[in-house]
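Step one of this worksheet: look at the structure below.
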Amino acid sequence: MRRSNKAMRRVVLSRMFDLLERTYGTDFGREQFVALSVHEIDGILSFKFDQHLDDLRGALDRIEDGTFGFCLGCKREIGQETLDGDPARRMCTFCEEEFNRPVLHTDLHELHQ
């Protein structure tokens with residue numbers, strides 16, 4: 001069963017909190033952080049440069065705009081187990097493998113025929 005956007009927002013924020021706490025330390029608890037608004041989170045993240053934090057922040061945007069949990073490649077739903085493992089995930093396993101597959105010269109030649 002697919003988790004609600006509210007539940008996934010909490011998962012994303014919890015992961016973000018863990019990363020912030022490990023990397024920078026925090027002046028607040030997990031429950032306080034999870035209750036913050038998107039604008040308050042942006043203020044906290046504004047001077048922290050970390051790709052995974054950026055990816056998690058993007059996941060919050062996708063939750064807000066309704067595109068969270070759908071693959072950027074094929075537009076199908078990403079499995080809940082995959083999202084539980086990495087809530088910032090933007091592609092399904094198949095599309096990610098295709099995206100990361102090295103393109104060989106013979107592949108390009110076949111595309112042009």
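Dividing the helix sum by the residues of the chain, where each DSSP H run of 4 or more adds -39500 (n - 2.57), gives a mean residue ellipticity at 222 nm of -17500 deg cm²/dmol.
Sorting Met91, Met8, Met16 by the number of Cβ atoms found within 10 Å of their own Cβ, with the fewest placed first, yields Met91, Met8, Met16.
Ranking of His52, His39 by neighbouring Cβ atoms within 10 Å, starting from the fewest: His39, His52. Provide the net charge surrounding Phe17, with neighbours chosen by a C-beta distance below 11 Å and charges set as Lys +1, Arg +1, Asp -1, Glu -1. Combined, the nearby Lys, Arg, Asp and Glu give +1. Take the Cα of Phe99, step 7 Å toward its Cβ, do the same at Ala7, and the gap between the two points is 2.5 nm. Remark on region 5-111: Rg and Dmax equal 16.5, 57 Å (Cα only).
A short reminder: the numbers here are calculations on the coordinates, not readings from a lab. Because the structure is predicted, anything quoted here is derived from the model rather than measured. Glycine also receives a Cβ, built like all others from the backbone with ideal geometry; neighbour counts cover every protein chain displayed.
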